[in-house]
Amino acid sequence: MKRLLLTTLLAVSILVCAPRSEAATKITFLNKADRDVYVALYIDKATNGWYSLVPGGTWIYESRENIWDVGYYAEGHAEGKKTLYWEGSESFIKGWVHPTESFNIRGEALELGGKVPDGSKQVGFRHISLMRETDKDDKDTNFVATVTLVENPQFGKPKATE
């Protein structure tokens, strides 16, 4: 009886302590525009940026957490050309960005009376639809997306200003 109890405890300990892989989120951004593009992310009521992509460049956001509420806002800049904006409807996902400095603005802090950095502006973020991927053993689920930034996107042109 004692041997059975020890064997059972050992088996349970191995199962509990065995390493497990975690689900993850991976979003790949591709810059197909002819200018530098700066990306801001909206993740679960927080905004942060800027992530810089040169023309033809790639940037990958990865998290060990499952992320459901995610969006992006981007600006494309080139000397002598109009600035391009990849933005969404402010009524869908809206968040704060700082036009010239890096930022990390937590929505929960704002709800508790916090303030945005001076000079920040509120913008609309485009929603990112994540696709579910399950590994071949059907054990781990990852959420992935690819965002391609082009000057003439299939669903509406980015807004350009001088």
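Every number here is computed from the coordinates shown, using simple stated rules; none is lab data. Quick caveat, the model's predicted, so the values are computed rather than measured. FYI the Cβ positions are ideal-geometry reconstructions off the backbone, even for glycines, and counts take in every protein chain you see.
A few notes on this one:
- Computed over the alpha carbons of segment 22-80, Rg followed by Dmax gives 12.6, 46 Å.
- The distance separating the Cα centre of segment 50-76 from that of segment 98-145 comes to 9 Å.
- Scanning residues 5 or more positions from ALA46 or on other chains, those with amide H under 5 Å from its amide H are GLY107, with H placed 1.01 Å from N in the peptide plane.
- Sparsely packed loop sites in segment 18-77 (the GluC sites (Glu not before Pro) outside DSSP H, G, I, E and B with at most 14 other Cβ atoms within 10 Å) comprise GLU22, GLU65.
- Rg and Dmax [Cα atoms of segment 24-161; Å; Rg one decimal, Dmax integer]: 15.5, 53
- Those GluC sites (Glu not before Pro) in segment 101-148 that DSSP places in a loop and that have at most 16 other beta carbons within 10 Å: GLU101
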